[in-house]
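First the structure, in the form of structure tokens, and then the observations on it.
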Amino acid sequence: MTSNLLNWRKKRAKHNPIRTFIWIPTERAAAMWFTPRITLLPFSGRFWPLAESYHYNPAEFEVTLGLTLLNVLYVAMALVAVWLFRTNPGVLLIVVFIFLRTAFLTQLQTCEPRYVLVCFPALLAITALHFDRSRTT
């Protein structure tokens, strides 16, 4: 049965390589990075479809939306800092670490948002460079 599954995956990848090697990993990376981590909170994290989620429980939807926007804010601030300090070899090393870890995790069948939690201290370290006004670019 395992060989049949592998043959099926190879056929699928051969039939549509753009979807297999670009779109699906990109969607997995976006899901891992921008899904709120609320497993210990009393919320379901249900976000899509938007109108139905809001109608079902507005307070829960607002908390989930707020945490999702917080994830977007963290990533956006880190991207700005990476652009400003792109010549710093330490920043480039952190960027390579985050990119390789994300690229590897997108190839797993069971990727989960908790797998990129290790990268958030690195994002915050890069962002701290941007807020340190004593440094020169």
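The values are calculated or read from the model by the stated rules, or taken from the named source; none is laboratory data. The model shown is predicted, which means the values in this text are computed figures rather than measured ones. No Cβ is skipped: glycine too gets one built from the backbone with ideal geometry, and neighbour counts run over all protein chains shown. Ligands, DNA and RNA are excluded from the accessible area calculation, which covers all protein heavy atoms including side chains. Shrake-Rupley method; radii C 1.70, N 1.55, O 1.52, S 1.80 Å.
Within region 92-136, track down each residue that is touching a residue at least 40 places away in the same chain (Cβ under 8 Å), β-branched (Val, Ile, Thr) and closer than 20 Å to Val80 by Cα. Within region 92-136, Thr102, Val116, Ile126, Thr127 qualify. Pairs are defined by a Cβ separation below 9 Å, a sequence spacing of at least 6 or placement on different chains, a first member in region 1-27 that is under 23 Å from Leu100 (Cα atoms), and a second member that is exposed (fewer than 10 other Cβ atoms within 10 Å of the Cβ) and modelled with pLDDT under 80; the pairs so defined are Thr20/Lys14. In region 78-119, of all residues being farther than 20 Å from Thr20 by Cβ and of a type in the set (S, T, N, Q), the one that is surrounded by the most Cβ atoms within 10 Å (Cβ to Cβ) corresponds to Asn88. Checking the stated criteria, Ser53 turns out to be crowded, with 17+ Cβ neighbours inside 10 Å and more than 27 Å from Phe131 (Cβ to Cβ).
Within region 1-34, being surrounded by 11 or more Cβ atoms within 10 Å (Cβ to Cβ) and modelled with pLDDT of 85 or more holds for Trp23, Ile24, Pro25, Thr26, Glu27, Arg28, Ala29, Ala30, Ala31, Met32, Trp33, Phe34.
Just one of the numbered conditions (1) under 20 Å from the mean Cα position of the chain (by Cα); (2) not in a helix (DSSP H, G or I) is not true of Ile94: (2).
Residue-level check: of (1) open to solvent by 70 Å² or more (accessible area, probe 1.4 Å); (2) part of a helix (DSSP H, G or I); (3) β-branched (Val, Ile, Thr), Thr39 misses just (2).
To keep it simple, each residue is scored yes or no on (1) in contact with a Gly (Cβ under 9 Å, 6 or more places away or on another chain); (2) of a type outside the set (A, V, I, L, M, F, W, C).
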residue	(1), (2)
Ile18	no, no
Ile22	no, no
Thr39	yes, yes
Tyr54	no, yes
Phe61	no, no
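In region 56-72, the residue that is least open to solvent (accessible area, probe 1.4 Å) out of those that are within 19 Å of the chain's Cα centre (by Cα) and more than 24 Å from Ala122 (Cβ to Cβ) is Thr64.
With respect to the conditions (1) under 22 Å from Leu124 (Cα atoms); (2) open to solvent by 50 Å² or more (accessible area, probe 1.4 Å), Val75 lacks only one, and its number is (2).
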